[in-house]
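The values are calculated or read from the model by the stated rules, or taken from the named source; none is laboratory data. On a predicted model such as this, the values are computed, not experimentally measured, just so you know. Note: ideal-geometry Cβ built from the backbone for every residue, glycine included; neighbour counts use all protein chains shown. Ligands, DNA and RNA are excluded from the accessible area calculation, which covers all protein heavy atoms including side chains. Shrake-Rupley method; radii C 1.70, N 1.55, O 1.52, S 1.80 Å.
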Amino acid sequence: MRIVIIGAGVIGLATAWRAAQGGAAVTLVDPAPASGASSVAAGMLTPVSELSYGEEPLLRLGLASRDRYGAFAAELAEATGLDTGYRDDGTLQVAFDADDLKLLDDLRAFQESLGIPVEALTGRECRKAEPMLAPGVRGGLLAPEDGSVDPRRLAPALLAAGERLGVRLVRRRAEGVLVEHDTAAGVRLDDGTEIRADKVLLAAGPWSGDLGGLPAGTVPPVRPVKGQVIRLRTPVPFLRRTTRGLVKGSSIYLVPRADGEIVIGATQEELGFDTRVTAGGLWELLRDARELLPGITELEFAEVTAGLRPGSPDNAPLMGPTALPGFYLGTGHFRNGILLAPVSADALAAMLLDGPVPEVAAPFSPARFSPEPQ
Ligand code: FAD
């Protein structure tokens with residue numbers, strides 16, 4: 001089975017690795033591997049604290065992926081000797097004022113109605129858990145099983161693991177899909193070269209809607225959703241675990257790493273392919289971060305970046321076959337692509353190799369956006 005995967009972000013990389021483990025001859029096509037959202041993302045693995053009303057199937061997919069992460073990271077470390085910065089030390093979500101606490105209470109009731117274990121903490125208990133929190137913090141929720149990973153370590157580990165199993169990386173842009181006899185037959189690159197394959201997977205993140213040569217009805221409805229993040233550095237531990245906050249209704253998160261990096265994020269902006277960093281975006285992030293953790297302004301500034309999330313109409317990924325035989329989608333992972341990488345890779349590799357697909361992936365077929373009646 002020859003498979004070509006367009007895009008080497010975490011989704012393409014993880015699927016390439018799993019498909020190669022399943023015996024496929026895999027070619028990854030990307031002019032700049034892991035240069036998209038996967039290089040900007042904070043790496044939170046927080047299906048519980050990210051829970052939104054009406055997104056229960058996405059929650060189940062997120063929980064299934066989070067529960068795979070420990071073994072996934074260990075398997076990668078074993079295969080490559082590379083550490084992914086995986087942590088499973090929980091996520092604390094705190095409320096800045098009384099209105100924020102009301103929102104968190106509602107969230108807790110919703111989480112409990114779905115049988116998800118979370119622990120309600122008083123303001124004092126929050127500060128005991130995270131001593132750098134501001135004295136005024138009203139209360140919070142601890143999701144003990146959520147965690148984080150460092151996407152900038154994860155992507156190279158996935159690439160190395162794939163290469164060890166023979167995954168070939170072609171550093172070129174895919175311009176279009178080759179279609180022969182109404183079936184996908186490979187991809188055409190920007191230098192005119194053709195790579196022939198039995199199956200083609202499109203995993204080009206927010207650029208997935210731009211590929212040429214696709215018949216009507218197979219172009220994924222994916223759009224870029226901009227997010228700005230700030231990276232700080234601290235020589236001494238500042239936060240013990242991922243800390244999310246509601247500050248006068250707006251959301252902020254801080255993700256600490258063992259090497260002293262702290263990622264603060266993120267804005268959410270509908271501005272097309274714009275990746276400019278703006279003064280207003282940075283101000284909002286620092287303003288809210290300082291309200292929660294006043295000491296944050298003492299830390300060293302390291303980097304500021306803007307990335308593009310692959311957004312879809314229902315905030316959920318599109319994974320599976322399309323109306324074009326041999327052409328598959330693995331895109332639209334929006335805010336959760338790092339979290340969803342393990343389960344997406346298992347599902348996509350199984351689809352490409354005609355194996356058993358995990359049940360939790362069933363609701364994410366691209367067919368839900370098909371113009372044809374189901
Ligand atoms: P990408 O990582 O964008 O990769 C797409 C790849 O396709 C790129 O390498 C690009 O070069 C390549 N490509 C594009 N066009 C072509 C072409 N024509 N030919 C060949 N290659 C092509 N998720 C979480 O789970 N937790 C988080 O905490 C989190 N935080 C985030 C914070 C921010 C600010 C942002 C922007 C995103 C965040 N995300 C988070 C979301 C996550 O980053 C994405 O869902 C995930 O990275 C998507 O991965 P991908 O492989 O689909 O796309």
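Mind checking region 228-283 for trypsin sites (Lys or Arg not before Pro) that DSSP puts in a loop (not H, G, I, E or B) and that have at most 13 other Cβ atoms within 10 Å?
Those that pass, being in a loop and sparsely packed, are LYS248, ARG276.
Could you work out the Rg to Rh ratio of the chain, with Rh taken as the Kirkwood radius (inverse of the mean 1/r over all Cα pairs)? If you can, show how the numbers build up before the last one.
Values: Rg = 20.7 Å, Rh = 21.1 Å.
That ratio equals 0.98.
Cα-based Rg of region 243-319 per 2.2 N^0.38 Å, rounded to two decimals? Walk me through the numbers before you get to the answer.
Values: Rg = 14.0 Å, N = 77, 2.2 N^0.38 = 11.5 Å.
Cα Rg divided by the expected 2.2 N^0.38 Å: 1.22.
So for region 5-141, what are the equivalent ellipsoid semi-axes in whole Å, largest first, each being the square root of 5 times an eigenvalue of the Cα gyration tensor?
Values for region 5-141, descending: 36, 17, 14 Å.
May I ask you to give the percent of accessible area on region 275-374 that is carbon plus sulfur, with a probe radius of 1.4 Å?
Solvent-exposed carbon and sulfur of region 275-374 make up 55 percent of the total.
Using only the Cα atoms of region 69-147, construct the convex hull and provide its projected area averaged over every direction, in square nanometres to one decimal.
The directionally averaged projection comes out at 6.2 nm².
Among LEU154, LEU271, LEU329, which one moves the most in a GNM of the chain with springs linking Cα atoms closer than 10 Å?
Between LEU154, LEU271, LEU329, it is LEU271 that shows the largest mean-square fluctuation.
Rounded to the nearest 0.05, what FRET efficiency do GLU298 and THR193 have when you use their Cβ-Cβ distance and R0 = 56 Å? Display every interim value, and only then the final one.
Values: r = 53 Å, r/R0 = 0.94.
Efficiency for this residue pair is about 0.60.
With θ set to phi - 60°, apply the Karplus curve 6.51 cos²θ - 1.76 cosθ + 1.60 along region 337-350 and write out the HN-Hα couplings as whole Hz, x wherever there is a Gly or Pro.
x, 6, 4, 7, 4, x, 6, 5, 5, 4, 5, 5, 4, 5
Provide Rg over Rh for region 32-84; use the alpha carbon set for both Rg and the Kirkwood Rh (inverse mean inverse pair distance).
Using only Cα positions, Rg/Rh for region 32-84 is 1.05.
So, for region 1-109, what is the accessible surface per residue at a probe of 1.4 Å, expressed in square angstrom?
35 Å²
How far is the Cα center of region 217-277 from the Cα center of region 90-160, in Å?
That distance is 15 Å.
Determine the percent antiparallel among the DSSP beta bridges restricted to the chain, to the nearest 5.
Counting only bridges with both partners in the chain, antiparallel ones make up about 70 percent.
Can you list the residues, at least 5 places off or on another chain, whose amide H is less than 5 Å from the amide H of LEU45, using H built in the peptide plane?
Amide H neighbours of LEU45: GLY147, SER148, VAL149.
Charges at C-beta only: +1 for Lys and Arg, -1 for Asp and Glu. How large is the resulting dipole of region 148-189 about its Cα centre, in Debye rounded to 20? Present the calculation step by step, with values, prior to reporting the outcome.
On the way: 8 positive and 5 negative charges, 66 e Å.
About 320 debye.
How big is the accessible area of TRP17 in square angstrom, nearest 10, if you roll a 1.4 angstrom probe over the protein chains?
Using a 1.4 Å probe on the heavy atoms, I get roughly 10 Å².
Run down the lysines and flag those whose C-alpha is under 28 Å from the C-alpha of LYS128, throwing out any fewer than 8 positions away in its chain.
Excluding near neighbours in sequence, the set is LYS102, LYS248.
Which GluC sites (Glu not before Pro) from region 205-298 combine a DSSP loop assignment with at most 16 other Cβ atoms within 10 Å?
Working: sites: GLU261, GLU269, GLU270, GLU284, GLU291, GLU298; in loops: GLU270.
Those satisfying the criteria are GLU270.
Using each residue's phi in region 2-11, evaluate 6.51 cos²θ - 1.76 cosθ + 1.60 at θ = phi - 60° and report the 3J(HN,Hα) Karplus result to the nearest Hz, with x for Gly and Pro.
9, 10, 10, 10, 8, x, 10, x, 4, 5
Note down the magnitude of the dipole of region 184-294 about its Cα centre, charges +1 on Lys and Arg C-beta and -1 on Asp and Glu C-beta and zero elsewhere, to the nearest 20 debye.
560 debye
When the scattering of region 124-227 is computed by the Debye formula from its Cα atoms alone, each counted once and equally, what is log10 I(q)/I(0) at q = 0.18, 0.21, 0.22 Å⁻¹?
Listed by q, the Debye log ratios stand at -1.03, -1.22, -1.26.
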